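The values are calculated or read from the model by the stated rules, or taken from the named source; none is laboratory data. None of the values given here were measured: they were computed from a predicted structure. A quick note on method: Cβ atoms are made from the backbone with ideal geometry, for glycine too, and the neighbour counts reach across all protein chains shown. Please note that ligands, DNA and RNA were not included when accessible areas were found on the heavy atoms of the full protein model with its side chains. Shrake-Rupley method; radii C 1.70, N 1.55, O 1.52, S 1.80 Å.
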Amino acid sequence: MATGADVRDILELGGPEGDAASGTISKKDIINPDKKKSKKSSETLTFKRPEGMHREVYALLYSDKKDAPPLLPSDTGQGYRTVKAKLGSKKVRPWKWMPFTNPARKDGAMFFHWRRAAEEGKDYPFARFNKTVQVPVYSEQEYQLYLHDDAWTKAETDHLFDLSRRFDLRFVVIHDRYDHQQFKKRSVEDLKERYYHICAKLANVRAVPGTDLKIPVFDAGHERRRKEQLERLYNRTPEQVAEEEYLLQELRKIEARKKEREKRSQDLQKLITAADTTAEQRRTERKAPKKKLPQKKEAEKPAVPETAGIKFPDFKSAGVTLRSQRMKLPSSVGQKKIKALEQMLLELGVELSPTPTEELVHMFNELRSDLVLLYELKQACANCEYELQMLRHRHEALARAGVLGGPATPASGPAPASAEPAVPDPGLGPDPTKDTIIDVVGAPLTPNSRKRRESASSSSSVKKAKKP
């Protein structure tokens with residue numbers, strides 16, 4: 001059951017001072033008999049919440065009685081800097097249903113809308129958005145001196161400028177409203193060319209000497225060609241669209257093959273350069289005397305490309321290392337090259353793990369590097385031979401089909417797989433001869449791709465032979 005002390009504690013009201021003097025035992029005295037009683041001054045120290053500040057905000061600033069509250073502004077009479085709106089303190093501003101006219105309209109039309117009574121008689125607020133194009137005006141004398149044209153009469157020119165003012169240089173609308181019965185039939189480009197030609201002439205005549213002019217220029221011929229090209233593009237047939245997409249795909253294939261051919265030629269050139277450099281280095285080491293070889297070995301060592309053979313790591317760090325670690329192949333060598341290297345070493349009768357003396361380690365690493373270089377050169381040579389053979393077959397096939405300009409020659413004997421002339425069929429998509437012509441640029445060829453093409457062509461020839 002709550003006592004009066006509990007109620008005063010909840011309401012943060014000071015209790016009677018007679019509790020301590022009367023000697024009554026409280027709960028704190030029973031639980032903590034050894035602790036000293038808190039000072040009365042700290043309990044009675046209270047701060048009044050400033051006027052205008054919410055209770056929640058004041059609780060954030062001053063949440064307990066141990067710390068003093070922060071400094072507060074001295075001027076607390078007005079509360080917040082921006083006083084809240086006090087509804088009902090002023091009279092409501094009256095609104096009135098009043099007429100108005102839009103200055104942008106020349107017909108004097110009258111409209112009505114709600115507006116405050118204090119704004120009665122003021123201009124329409126949205127009239128400032130009425131932006132008009134400044135169309136130049138010319139006199140009779142200026143027309144006769146500078147603007148005369150045999151293809152245009154003055155009445156027709158006046159009609160053009162009148163429509164330009166009415167429709168703000170919207171030439172499509174001007175062309176639609178143009179009086180083609182009274183005057184000669186003109187296109188949109190003709191109207192634009194005449195208008196901008198007169199504007200440029202008037203700007204040159206009326207310009208002050210020494211000022212920079214911004215003369216509008218309109219190229220009617222370019223505009224006509226642009227529209228003609230756009231019309232041709234729009235009137236394409238589905239067959240023409242499909243042919244264009246096919247040609248674009250073939251162009252991308254040609255570019256990809258060209259890049260790949262250039263990359264392969266660069267790799268081949270690197271291999272050839274590495275082989276020549278290695279041979280020159282060996283020749284130089286043989287000619288050099290043995291005593292001076294260790295001194296000049298580091299200085300005369302040429303820069304060998306990274307793709308040449310194997311690049312073994314150098315163990316120059318401090319500490320003890322095994323000489324057999326220098327014989328370990330780096331991780332950059334693939335498994336295919338490792339197997340080929342082991343096969344070549346077995347064919348030469350060389351042990352795969354010889355005794356790691358200083359001289360044997362050096363010679364064994366050089367031997368494996370040369371073998372890997374030889375393996376890469378053989379691969380590049382085989383790829384070039386396959387590519388040359390396939391290009392020769394395609395050339396013969398095109399020569400028999402008469403695509404290269406000469407008469408078609410019948411094939412004597414069984415033709416190779418790629419030598420069959422492609423007969424265009426309108427119902428089977430794009431013309432196969434186009435694909436054959438474009439492939440002459442040089443497709444990436446491998447032995448597997450050659451076998452697949454030969455098998456596919458042989459199966460197609462068998463199907464043709466079975467047909468009646």
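Val188 meets the conditions (1) touching a residue at least 24 places away in the same chain (Cβ under 8 Å); (2) closer than 19 Å to Asp219 by Cα in every case but one. The failed one is (1).
Restricting attention to segment 162-192, which residues are under 43 Å from the mean Cα position of the chain (by Cα) and not charged (D, E, K, R)? Walk me through how you get there before you give the answer.
Within segment 162-192, the first condition is being under 43 Å from the mean Cα position of the chain (by Cα), and the residues that meet it are 164, 167-176, 187-192.
Across segment 162-192, the qualifying residues are Ser164, Phe167, Leu169, Phe171, Val172, Val173, Ile174, His175, Ser187, Val188, Leu191.
Quick grid of which residues meet (1) within 20 Å of Phe218 (Cβ to Cβ); (2) aliphatic (A, V, I, L, M); (3) open to solvent by 50 Å² or more (accessible area, probe 1.4 Å); (4) part of a helix (DSSP H, G or I):
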residue	(1), (2), (3), (4)
Pro99	no, no, yes, no
Ala109	no, yes, no, no
Tyr138	yes, no, no, no
Gln144	no, no, yes, yes
Glu156	yes, no, no, yes
Leu169	yes, yes, no, no
His175	yes, no, yes, yes
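Note on segment 66-111: residues that are over 56 Å from the mean Cα position of the chain (by Cα) and modelled with pLDDT of 65 or more total 8. When Trp152, Trp114 are checked against the criterion of being modelled with pLDDT of 90 or more, open to solvent by 40 Å² or more (accessible area, probe 1.4 Å) and of a type outside the set (Val, Ile, Thr), a single residue qualifies: Trp114.
When Ala118 is tested against (1) assigned to a helix (DSSP H, G or I); (2) within 23 Å of His222 (Cα to Cα), just one condition goes unmet, and that condition is (2).
Among residues of segment 177-190 being of a type in the set (Asp, Glu) and open to solvent by 30 Å² or more (accessible area, probe 1.4 Å), the one that is farthest from Arg226 (Cα to Cα) is Asp179.
Considering (1) at pLDDT below 70; (2) under 25 Å from Pro354 (Cβ atoms), the lone condition that Ala274 does not fulfil carries the number (1). In the set Asp162, Asp179, only one residue is in contact (Cβ under 8 Å) with a residue 12 or more places away in the chain and under 30 Å from Asp149 (Cβ atoms); that residue is Asp179.
Within the bounds of segment 204-223, is there any residue that is in contact with a Leu (Cβ under 9 Å, 6 or more places away or on another chain) and assigned to a helix (DSSP H, G or I)? I'd like the intermediate steps shown before the answer.
Just the residues of segment 204-223 that are in contact with a Leu (Cβ under 9 Å, 6 or more places away or on another chain), to begin with: 204-205, 207.
So of that shortlist, the ones also assigned to a helix (DSSP H, G or I) come out as 204-205.
Yes - at least one qualifying residue is present in segment 204-223.
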